[in-house]
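This report refers to the structure that appears directly beneath it.
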There are 2 protein chains.
Amino acid sequence: MNKALEGLVVLDLSQVYQGPYCTLLMAYHGAKVIKVESPKGDILRERHESKAPHEFVMFNTNKYGITLDLKSEDGKKAFLKLVETADILVENFTPGVMKRLGLDYDEVLKKRNPKLIYATATAYGLTGPYRDYPGMDLTVQAIGGVMSSTGYPDMPPVKAGPAVADLLGGTHLLAGIGLALYQRERTGAGQKVEVSMHDALYPTLASPLAALYDGDPDNYYERTGNKHSGLRAAPYNVYPAKDGFVAIICATERHWRLLVDILERPDLLEKEEFKNSISRAAHIDEVDQIVSEWTQDINKWEIVELLTGKGVPASPVLTIKEVANDKHLIEREMIVEIDHPARGKVKIPGSPIKLSKSDVDSYQPAPLLGQHNEEILGNSINKEGVRI
Amino acid sequence: MNKALEGLVVLDLSQVYQGPYCTLLMAYHGAKVIKVESPKGDILRERHESKAPHEFVMFNTNKYGITLDLKSEDGKKAFLKLVETADILVENFTPGVMKRLGLDYDEVLKKRNPKLIYATATAYGLTGPYRDYPGMDLTVQAIGGVMSSTGYPDMPPVKAGPAVADLLGGTHLLAGIGLALYQRERTGAGQKVEVSMHDALYPTLASPLAALYDGDPDNYYERTGNKHSGLRAAPYNVYPAKDGFVAIICATERHWRLLVDILERPDLLEKEEFKNSISRAAHIDEVDQIVSEWTQDINKWEIVELLTGKGVPASPVLTIKEVANDKHLIEREMIVEIDHPARGKVKIPGSPIKLSKSDVDSYQPAPLLGQHNEEILGNSINKEGVRI
């Protein structure tokens, strides 16, 4: 079967999560992705004695791996030769590094290959007052409003546990590359695609921003625990179950009537304070109390089956261990077990992008450091990636 | 200037956040996006008496707006006529709705227009055991592991405040559409692009999954507050400042030496328990205590300027109000003020995808309900979108 990006060559200078996630999805969808590491390797490799920590293995499947010392003349020469026939280059250095390496897009790379799509991922972007701040997922979550909107009003701000800044950045970068590829088909020319984690996070704040601009200034909280950001919906919360927690939302009046029916509490429909979403939102604590009293004696999956069976949005709060073995994610090929030469059995993610005409049909484990040096660079390059 | 998606027509049946964010970015990058609402309108409109709540205005800029009753024969006929010349269709109904409307991709739409790219966004996907669960951002965060990895070990799980499931879903959908557009250039044929929020969240769990698979089973926490997910780095936390909080990370030994220098504590370099990242991680609380004692008497921006000036990753925790007026986001055109006919001045997001050859050169406010009925559908359609 044809794959969407078949025939395209991607040079991947990126490290850690943001860039590598972008190129992972390109590799899954048919591009030949060549991960170019320094002789020391992606800094992520240091996190495990095998030089293949779990997160590295997750994000580098189906890539070729070569090593080049871009600070050496020979390494740079070999790299520029690869640039000449590449379609896409991805890097997530801090701003200015490529220029210092003598590999600036406008001054050097574009002249070598005008069709090249140059994709750069940063923490804060190539312009603006924060440009030169060194940044990572944690600092971007802090400055970008994720922390202020996460947690409880009477507690300090707290990060989102997952690497949402990194992954939103990487996904926007892939989307931008898709746009540039399509435009290249029309014009024949490449261009620069720029995405920052900080920019990519901003639109996720829609609900907290709506609470700020459209909400009640006397009842405004930056963070609301598991309640609705604007405190404008109830039931909308995470409730205790006998064996954990469940999330339940009544997004419509129909959901509320269905829930009341399941709770066998027709009397609630008669009460003035629960008669519509506005009045229920004004009595959130009472509503939550009623729901909690029912949920606390029942197991989480049982609650979820009861509610979703009737059409009420509900789900169990799964632990990370439960997610890691989730039958649904396994069936959706989002959790795939493969063999890795340095690790044995490892679980890697599939692609969340399901294309009806571009299947991911095989998984090759993340490369060892310099594994494909000879195949890609030829005999003139030794294991450290320096020309002999 | 040419725009990346100029000339493409997008039919947008999607509501709320996930689909509309995807089509927003397509509109910014040159596509003609026709938002097709039921005569009642996007359910988001109900959140504000103006029928243009802030979050609706954020995600529907630069789109045309028409109303059609897809349950009526005339509405369906008008819609199918639009399908014949469209390039892309985006919907985020629950699985099965399009089929019940008589608008199934395989059975109907593909036959009308084999070049059509059909993009479907769901909570849990079109396959798998959770397929038919009604779901929204909150329930997907619950079942997808975001909640379990967010918050403190001794506190219950808590959601990420921002709509990370919705926006990761929408961004993956855009990336998938980009891949399909490129493939269509090669093959001439459209295809189905499918993304679920649940799938899209899974790769964000890289650090909690690495802590599970590579970490110390005796020192394993599903959530670690603002500390490193695997408790394998220090300093790595959010620290109290005189006027708020700051995030600080020492990702390398160089960062640690620079920080010690700023703290004027050369004695720390001599201590066995702080000699490298492994030993510091084994003494996280002592390290955090030392950093906190220094930060607590200084204002957050002053700390950040001191640290980032030397190259140490640091950022202030900004409140939502501060983010809403962030000078960097304004300069990056991520916060843009425009006039909306029903609202007056509103702040909308720009595109996080910066393309050097495809500028966003103008912003048209989100459409009123049925605003472009006549322009798009002609005189035969009245204001309710039903053929006269």
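Residues that are buried (at least 19 other Cβ atoms within 10 Å of the Cβ) and either more than 21 Å from the chain's Cα centre (by Cα) or at pLDDT 95 or above (or both) within the range A:359-370 comprise A:P365, A:A366, A:P367, A:L369, A:G370, listed in sequence order.
Scanning the range B:131-166 for residues that are under 18 Å from A:K321 (Cβ atoms), aliphatic (A, V, I, L, M) and part of a loop (DSSP other than H, G, I, E, B) yields a count of 2.
Yes/no matrix, rows are residues, columns are (1) in the same structural domain as B:L24 (by TED's automatic domain parsing); (2) in contact with a Gly (Cβ under 7 Å, 6 or more places away or on another chain); (3) in contact (Cβ under 8 Å) with a residue 24 or more places away in the chain:
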position: B:R280; (1), (2), (3): no, no, yes
position: B:E286; (1), (2), (3): no, no, no
position: B:I290; (1), (2), (3): no, no, yes
position: B:W294; (1), (2), (3): no, no, yes
position: B:I298; (1), (2), (3): no, no, yes
position: B:A314; (1), (2), (3): no, no, yes
position: B:I338; (1), (2), (3): yes, no, yes
position: B:P341; (1), (2), (3): yes, no, yes
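For the range A:128-162, a residue qualifies if it is more than 8 Å from chain B (Cβ to nearest Cβ) and crowded, with 24+ Cβ neighbours inside 10 Å, and exactly one does: A:D137. None of A:K51, A:K111, A:K81 is charged (D, E, K, R), surrounded by fewer than 19 Cβ atoms within 10 Å (Cβ to Cβ) and under 22 Å from A:G344 (Cα atoms) except A:K51. In summary, strands (runs of 3 or more DSSP E) completely within the range A:302-353 and bearing 2 or more residues that are touching a Phe, Trp or Tyr at 6+ places or on another chain (Cβ under 7 Å) occur at A:314-316, A:336-340.
Only one of the numbered conditions (1) surrounded by fewer than 24 Cβ atoms within 10 Å (Cβ to Cβ); (2) more than 7 Å from every other protein chain (Cβ to nearest Cβ); (3) touching a helix residue (DSSP H, G or I) at 6+ places or on another chain (Cβ under 8 Å); (4) of a type outside the set (D, E) is not met by B:A165, and that is (1). Any idea which residue in the range B:77-127 is farthest from the chain's Cα centre (by Cα), counting only those that are of a type in the set (S, T, N, Q) and within 12 Å of chain A (Cβ to nearest Cβ)? So, considering only residues that are of a type in the set (S, T, N, Q) and within 12 Å of chain A (Cβ to nearest Cβ), the one farthest from the chain's Cα centre (by Cα) is B:T127. The residues of the range B:12-48 that are within 20 Å of B:K81 (Cα to Cα), surrounded by 24 or more Cβ atoms within 10 Å (Cβ to Cβ) and among the polar types (S, T, N, Q) amount to a single one, B:S14.
Listed conditions (1) under 27 Å from the mean Cα position of the chain (by Cα); (2) surrounded by fewer than 20 Cβ atoms within 10 Å (Cβ to Cβ); (3) at pLDDT 95 or above are all met by A:N299, apart from (1).
Considering B:A175, B:A247, the condition of being touching a helix residue (DSSP H, G or I) at 6+ places or on another chain (Cβ under 7 Å), outside the structural domain of B:P313 (by TED's automatic domain parsing), within 30 Å of A:A206 (Cβ to Cβ) and of a type in the set (G, A, S) is satisfied by B:A175 alone. For the range A:329-352, a residue qualifies if it is within 7 Å of chain B (Cβ to nearest Cβ) and more than 19 Å from the chain's Cα centre (by Cα), and exactly one does: A:E331. Filtered by the rule that a residue be under 27 Å from B:E337 (Cβ atoms) and either polar (S, T, N, Q) or at pLDDT 95 or above (or both), the range A:229-249 gives a lone residue, A:S229. Within the range A:202-227, take every residue that is surrounded by fewer than 21 Cβ atoms within 10 Å (Cβ to Cβ) and in contact (Cβ under 8 Å) with a residue 40 or more places away in the chain and give me the one that is nearest to the other protein chains (Cβ to nearest Cβ). Filtering the range A:202-227 for residues that are surrounded by fewer than 21 Cβ atoms within 10 Å (Cβ to Cβ) and in contact (Cβ under 8 Å) with a residue 40 or more places away in the chain, the one nearest to the other protein chains (Cβ to nearest Cβ) comes out as A:G225. Note down all Cβ pairs under 6 Å where the first residue falls in the range A:96-119 and is on the phi < 0 side of the Ramachandran plot, the second is aromatic (F, W, Y) and assigned to a strand (DSSP E or B), and they're at least six residues apart or on different chains. Going by the 6 Å Cβ cut-off, the qualifying pairs are A:Y105/A:Y118.
The values are calculated or read from the model by the stated rules, or taken from the named source; none is laboratory data. Nothing here was measured: the structure is a model prediction, and the numbers come from that model. All Cβ positions, even for glycine, are placed from backbone atoms using ideal geometry, and neighbour counts span all protein chains on display.
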